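Below is one structure, written out as structure tokens; comments come after it.
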Amino acid sequence: QVQLVESGGGLVQAGDSLRLSCAASGRTFSSNNMGWFRQAPGKEREFVATINWSGYSTYYAESVKGRFTISRDNAKNTVYLQMKSLKPEDTAVYYCAAAGRGVATGWLPSYWGQGTQVTVSS
């Protein structure tokens, strides 16, 4: 059974940093894209960032570019999202995703985590 388990969410103040982790089990994703989406209250789920299998290629939503950094450790089957200069509008449930098809904002993952809450107070 494939599982993606996120961790690292929490309540922070504007300007703070957080690092999210997503550990995969049940199969290896070392040959697949991995990444993050988020869903704010009352809004649709939106793309945040993706990283290709080697870690060489990354893509970010404009709203997080320059503040968030995605990385991966294939030996640990884990993807990370380092978030800096957090803003109240970053408040959302953050979902890890893996595999699937497409690239960048057109990526359609096959696997999803359950999500981790990030709340940024002003």
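Pairs linking a residue in the stretch 74-90 that is farther than 18 Å from VAL12 by Cα and surrounded by fewer than 19 Cβ atoms within 10 Å (Cβ to Cβ) to a residue that is of a type outside the set (Asp, Glu) and at pLDDT below 95, with Cβ atoms under 6 Å and 6 or more positions apart or on different chains, are ASN74/SER30.
Can you confirm whether the stretch 97-117 contains a residue that is open to solvent by less than 50 Å² (accessible area, probe 1.4 Å) and closer than 15 Å to LEU11 by Cα?
Filtering the stretch 97-117 down to residues open to solvent by less than 50 Å² (accessible area, probe 1.4 Å) leaves 97-100, 102, 104, 106-107, 109, 113, 115-116.
Going one step further and asking which of them are closer than 15 Å to LEU11 by Cα, we end up with 115-116.
Yes, the conditions are met somewhere in the stretch 97-117.
Among the candidates GLN39, GLN82, GLN114, single out the residue that is within 14 Å of LEU4 (Cα to Cα) and polar (S, T, N, Q).
Exactly one residue qualifies, and that residue is GLN114.
Against the numbered list (1) in a strand (DSSP E or B); (2) free of Cβ contacts under 8 Å to residues at least 12 places away in the same chain, SER54 comes up short only at (1).
Being under 21 Å from TRP53 (Cα atoms), not hydrophobic (A, V, I, L, M, F, W, C) and not in a strand (DSSP E or B) is the filter here, so list the residues in the stretch 70-91 that pass it. Once the filter is applied, which keeps residues that are under 21 Å from TRP53 (Cα atoms), not hydrophobic (A, V, I, L, M, F, W, C) and not in a strand (DSSP E or B), the stretch 70-91 yields ASN74, LYS76, ASN77. Restricting LEU20, LEU4, LEU11 to residues that are open to solvent by 80 Å² or more (accessible area, probe 1.4 Å), outside any loop (DSSP other than H, G, I, E, B) and either of a type outside the set (Asp, Glu) or in contact with a Phe, Trp or Tyr (Cβ under 9 Å, 6 or more places away or on another chain) (or both) narrows the list to LEU11.
The values are calculated or read from the model by the stated rules, or taken from the named source; none is laboratory data. Predicted, not measured: the structure shown is a model, and the values here were computed from it. As a convention, Cβ positions derive from the backbone with ideal geometry for all residues, glycine included, and neighbour counts pool all protein chains shown. Ligands, DNA and RNA are excluded from the accessible area calculation, which covers all protein heavy atoms including side chains. Shrake-Rupley method; radii C 1.70, N 1.55, O 1.52, S 1.80 Å.
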